[in-house]
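Q: Just passing along the structure, written as structure tokens.
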There are 2 protein chains.
Amino acid sequence: MTDFLPPIQTTARDDAVLKALAGFVRQEALGPGEKLPTERILAERLKVSRNTVREALTRWEGLGLVERRQGSGTYLKAAVSPDMLHMPLTLAGGNDFAGLMATLEIRRALEAEAAALCAIRAGKAELAEIERKLDLMEEAFQTRAGMSSEEDWEFHQAVFRASGNPLFEQIIAAMYEMFHRFWEHPLGVRDFGHASFPYHRTIFERIAARDPEGARAEALKLIATVEDDLKRGAANLKLSDRR
Amino acid sequence: MTDFLPPIQTTARDDAVLKALAGFVRQEALGPGEKLPTERILAERLKVSRNTVREALTRWEGLGLVERRQGSGTYLKAAVSPDMLHMPLTLAGGNDFAGLMATLEIRRALEAEAAALCAIRAGKAELAEIERKLDLMEEAFQTRAGMSSEEDWEFHQAVFRASGNPLFEQIIAAMYEMFHRFWEHPLGVRDFGHASFPYHRTIFERIAARDPEGARAEALKLIATVEDDLKRGAANLKLSDRR
DNA sequence: GTGCAGAAATTGGTTGGACCATTGAACCAC
DNA sequence: GTGGTTCAATGGTCCAACCAATTTCTGCAC
């Protein structure tokens, strides 16, 4: 019986400010790194209090869209558009070994799917980019005797980016962040990541061959080796995780 | 040459407020739905301006952790802890339909993995809980002629929770928020979700039978039907998404 | 006592104005 | 050039007041 009657919009000052600001950014074609108008100017032009402007900007800052530098100004940190969608993700806990394994299970799910999607959707340019990152990684691996975590990460990022779905990259970035609370010296395992090395190339080969299921299978193998490394490391310290 | 010198941390008033508030929540063991102290009280107790308190709360509100109701108070919307990690996901430029498809690809990856893990790890109690949610859903489906989105969601939540990895639920919860903008009248498809109905039970059966790969397969089928529904809906409106 | 309308208190939302702290540019000795 | 100094611009914080929505209390009618 009840037809869907959307609640009427009485006030939403700060939302309105953000909408106006998003429009302004598009109007002026501002990109990341560029400077936004002053809070005082925005307040004056939009006919709202400076405090309201600040609350609006605080929202964007919390979303990582904008960076405020005292004494300098407010700068765009990412591309903003009037029709973007936000899905705040907050991850609780996960500072211990169990948390590390938890992130790895997410990686297994997403990495496999992304590799498969990538095999279907990656364009020529993306494929070339992935191969470039792969070469860089292999070179770093040879040169620095196995310490190639940075290049390793960039390779995976390139795959996620080529999956055609930006959420993959963003979610995995969150996992990576959690990983990094540990990863500096992961569990004392010196050759951490060595075992996973060869699978990077096999994943790329399957993607280049447009073989989704093959790519998925290779990605799963890679994660399995990392998992093994982690478990091996856990056995090494057994007792050090008592909080 | 340059040793890594991390930037020095001077002040961060509102961050400090949030830290204190998170500590307070843990101290008092507050859960979702419960009321936080007044802005005025927080300002007085923490010896900061009410304005600063507001900026801090605005951050949490933007992250979906808290809900403010004018004239009533500020209420917890999710569990908060002092060590949470925030990673706002932003989908740029995509209209709602594209966003929906993007979240669905994440769901496909995670739902399949979670179902498989669940088949391996779910205990007796978790299994019973899942079955209870399943029964509730099926009952609602019969009674309300297909409108069972709330119970549907609770079923999936129960599966995620039983996967033994809290990250699954946390990530999918972020996706779900976006889903909810549509779920009311998703794309004008009247019988949206009907097709996925039978797979809920088959998923449960595979889990109960401790058959990880079977559970994964059924979960994939479910997502496939949802995807079809969505595409069908998209065809229905084709022209209405020109902004 | 019960029920309900209106008053009063509570609480988040907004405003305007003031001052502080940091930044960066211009300027000035050396 | 190098290194200070000054100074204006800008974000950060504070205060005091008022607005708007909500909740609670009060008192009257029955």
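Q: Sort out which residues of region A:18-70 are on the phi > 0 side of the Ramachandran plot and within 14 Å of DNA strand C (Cβ to nearest atom), and write them in order of number. I'd like the intermediate steps shown before the answer.
A: Step one: list which residues in region A:18-70 are on the phi > 0 side of the Ramachandran plot, which gives A:29, A:33, A:47, A:64.
Answer for region A:18-70, where residues must be on the phi > 0 side of the Ramachandran plot and within 14 Å of DNA strand C (Cβ to nearest atom): A:GLY33, A:LYS47.
Q: Right, next: May I ask you to say which residue of B:ALA79, B:ALA98, B:ALA109, B:ALA116 is assigned to a helix (DSSP H, G or I) and more than 30 Å from A:SER81 (Cα to Cα)? Quick ask: steps written out before the conclusion?
A: Details: B:ALA79 fails: assigned to a helix (DSSP H, G or I); B:ALA98 fails: more than 30 Å from A:SER81 (Cα to Cα); B:ALA109 fails: more than 30 Å from A:SER81 (Cα to Cα).
Of B:ALA79, B:ALA98, B:ALA109, B:ALA116, the one residue that is assigned to a helix (DSSP H, G or I) and more than 30 Å from A:SER81 (Cα to Cα) is B:ALA116.
Q: Working only within region A:64-97, note down all residues that are in contact (Cβ under 8 Å) with a residue 60 or more places away in the chain and among the acidic types (Asp, Glu).
A: Listed by number, the list holds a single entry, A:ASP96.
Q: List, please: which pairs have Cβ atoms under 7 Å, are six or more places apart or on different chains, and start with a residue in region A:188-213 that is over 21 Å from A:LYS124 (Cα atoms) and end with one that is open to solvent by 50 Å² or more (accessible area, probe 1.4 Å) and modelled with pLDDT of 90 or more?
A: Note: pairs meeting the criteria are A:TYR199/A:LYS221.
Q: Identify the residue in region A:39-69 that is farther than 25 Å from B:MET87 by Cβ and within 13 Å of chain B (Cβ to nearest Cβ) and, among all such residues, is least open to solvent (accessible area, probe 1.4 Å). Spell out the reasoning first.
A: The initial filter retains those residues of region A:39-69 that are farther than 25 Å from B:MET87 by Cβ, namely A:39-53.
Retained after the next criterion (residues that are within 13 Å of chain B (Cβ to nearest Cβ)): A:39, A:49-53.
Working: A:GLU39: 24, A:SER49: 61, A:ARG50: 94, A:ASN51: 67, A:THR52: 35, A:VAL53: 1 Å².
Result: A:VAL53.
Q: How about region A:70-89: which of its residues are out of contact with any helix residue (DSSP H, G or I) (no Cβ under 7 Å at 6 or more places or on another chain) and either open to solvent by 30 Å² or more (accessible area, probe 1.4 Å) or within 11 Å of chain B (Cβ to nearest Cβ) (or both)?
A: Selection gives A:GLN70, A:GLY71, A:SER72, A:TYR75, A:LYS77, A:ALA78, A:ALA79, A:ASP83, A:MET84, A:HIS86.
Q: It is to be established whether one or more residues within region B:66-75 are in a helix (DSSP H, G or I), within 16 Å of DNA strand D (Cβ to nearest atom) and not assigned by TED's automatic domain parsing to the domain that holds B:ALA209.
A: no
The values are calculated or read from the model by the stated rules, or taken from the named source; none is laboratory data. Everything numeric here is computed off the predicted structure, so don't read it as measured data. Cβ: placed from backbone, ideal geometry, glycine included. Neighbour counts: every protein chain shown. For the accessible areas, the whole protein counts, side chains as well, though only heavy atoms, and no ligand, DNA or RNA atoms are used. Shrake-Rupley method; radii C 1.70, N 1.55, O 1.52, S 1.80 Å.
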